[in-house]
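Notes follow the structure.
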Amino acid sequence: MHSFGLIGFPLGHSFSRNYFREKFEKLGLADYTYENFPLSSINELPQLLSDHPFLEGLNVTIPYKKAVLPFLDERSFLPEGLEACNCIRIRNGRLSGFNTDVIGFENSLRPLLKKGQNAALILGNGGAAVAIVYVLKKLGILPHVVSRKKNNGADLDYSDLNEQVISEHKLIINTTPLGLYPDTQSMPAIPYQFLGTEHLLYDLIYNPAETLFLRKGKEQGTRIKNGEEMLIIQAEESWKVWNQ
């Protein structure tokens, strides 16, 4: 038996279980399983591992991409300076951390970039935002993190987002769960009226396919992109990690 799964809380929104189950079926891997493991606290992870000794890999989602780091035995596979993990390989009881969000986001964003998109607003300062900031810096795009309060990596709050700030940041990325099914009527509190055709809105959410954040941008003529492609790329990278 080869067992894999996803940890986070809550997990009703996740596509990973269906994705990997369909993948195993297509590949004829009858002895491979993938389960959701909703943990109300990351401190439940050791018990989960004890209860499921055949686990070979885990994906990590909201809100544990940062919180899981102290539980890792091996962090050398994480890019230097990247303090977030969304993929764990388990071998001989040892947990090795990886971040496949990086390649997922970079490969899905690159084809969309246009001249002049040299500064970005990242909405939210959780574990996903860490990977986004890392990629943007790698691409030479200046990132500014926006949260409700200026702390824990955020250098702007939502009250700072005036017409000038929106004009100076042609790329805006939502890493928050605002708009995620079933809470589809929520959205980040940015001044959408200042968006224009030169902007690109990128939402890490994929369910629904068009969040209110993306719809409000599209109404202003912006280009939009949801997180489905990023998720597929990072899932395939996770599969590679587990089979290394």
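List of remarks:
- Centroid-to-centroid, using Cα positions, segment 91-115 and segment 9-41 are 19 Å apart.
- Put a dot 7 Å past the Cα of residue 76, heading toward its Cβ, do the same for residue 25, and the two dots end up 4.0 nm apart.
- DSSP loop trypsin sites (Lys or Arg not before Pro) with at most 12 other Cβ within 10 Å excluded, longest remaining stretch of the chain: 1-113
- Cα-Cα over 30 Å, subset of 115/216; 149/218; 26/216: 26/216
- Here the residues 205, 88, 233, ranked from fewest to most Cβ neighbours within 10 Å of their Cβ, fall in the order 233, 205, 88.
- Annotation: extensible slack from residue 56 through residue 162 equals 33.4 nm (criterion: 0.36 nm per residue apart, minus Cα-Cα distance).
- Rg(Cα)/(2.2 N^0.38 Å) for segment 2-99, N = residue count: 1.05
- Set against the labelled values (i) 55, 35, 31; (ii) 50, 45, 30; (iii) 156, 49, 24, Cα extents along the principal axes in Å computed from this structure falls on (i).
- The average projected area of segment 103-229, computed from the convex hull of its Cα atoms over all directions, is 6.9 nm².
Where a number appears in this text, it was derived from the coordinates with a stated rule and is not lab data. Note that the structure is a prediction, hence the values are computed from the model and not measured. Neighbour counts are summed over all protein chains in view; Cβ atoms, including those assigned to glycine, are modelled from backbone coordinates with ideal geometry.
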